[in-house]
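Single-structure report; data block below.
What follows draws every value from the coordinates through simple rules; no lab data is involved. Please read these numbers as outputs of a predicted model, since none were measured by experiment. With ideal geometry, Cβ positions are generated from the backbone for all residues, glycine too; neighbour counts draw on all protein chains shown.
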Amino acid sequence: MVEINLNRRQFLKLSGATAATLAVVELGFNEKKAYASTKEFKISKSTVTPTICCYCGVGCGILVHTKDNTVVYTEGDPDNPINEGKLCSKGTTLRQLYTSEKRLTKPLYRAPGSSKWEEKDWEWMYDTIAKRVKETRDKTFVATENGMTVNKTEAIASLGGAALDNEECYLLAKMMRGLGVTYIEHQARI
Ligand code: SF4
């Protein structure tokens, strides 16, 4: 004979659990069915991509969960040393950048003096920006000043954003210095 040693508390717990199980079985409840119909977590089987919050210069790390070609969830990245998984209220709502009806999906252009925005394609935008940068630089380039070589233009400025990473900032600064741009600033410093 096997002897079971239970104290009062363990006995009450065990008899309560046994009664509950018997009641469930008596009522004809099929626990296998219930388990099968349990709702799946929205982030189960999602692809997780680490990124940086684009809202401010703190640059918190965010994990973006995607499934079936859509963003299902965003959360703070616990492995990111900047925020260690925490996010401010703005960063917490980052997914709305993707889901908002107001999200812009095409470039908009407003001609000088116009009050209307027009939709343009990316090729037109790239060509127009490149053309205007070249025209402005050619018109305003100063090679020497007070007998010194300066090779600069003060008619163009560059403003970086928090979403730019190290490599992008490096390339941007290199391109701007190559053009002779002296006004190089970053949103995080303003
Ligand atoms: S989560 Fe908040 S504090 Fe962090 S980068 Fe985004 S806006 Fe800035």
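Fully extending the segment from Ala163 to Glu123 would add 12.1 nm, taking 0.36 nm per residue of separation and subtracting the current Cα-Cα distance.
Please report the net charge: other residues with Cβ closer than 13 Å to the Cβ of Asp121, K and R +1, D and E -1. Local net charge: -2. A simple packing score, the average count of other Cβ atoms within 10 Å per residue, orders the peptides 119-125, 150-156 as 150-156, 119-125, with the highest score first.
Within the same chain, lysines fewer than 8 places from Lys131 are excluded, and of the rest, those with a Cα less than 21 Å from its Cα are Lys106, Lys120, Lys139, Lys152, Lys174. Summing charges over all other residues whose Cβ lies under 15 Å from the Cβ of Pro112, with Lys and Arg as +1 and Asp and Glu as -1, gives +3.
Per residue, the convex hull around the alpha carbon atoms of the range 141-186 comes to 62 Å³.
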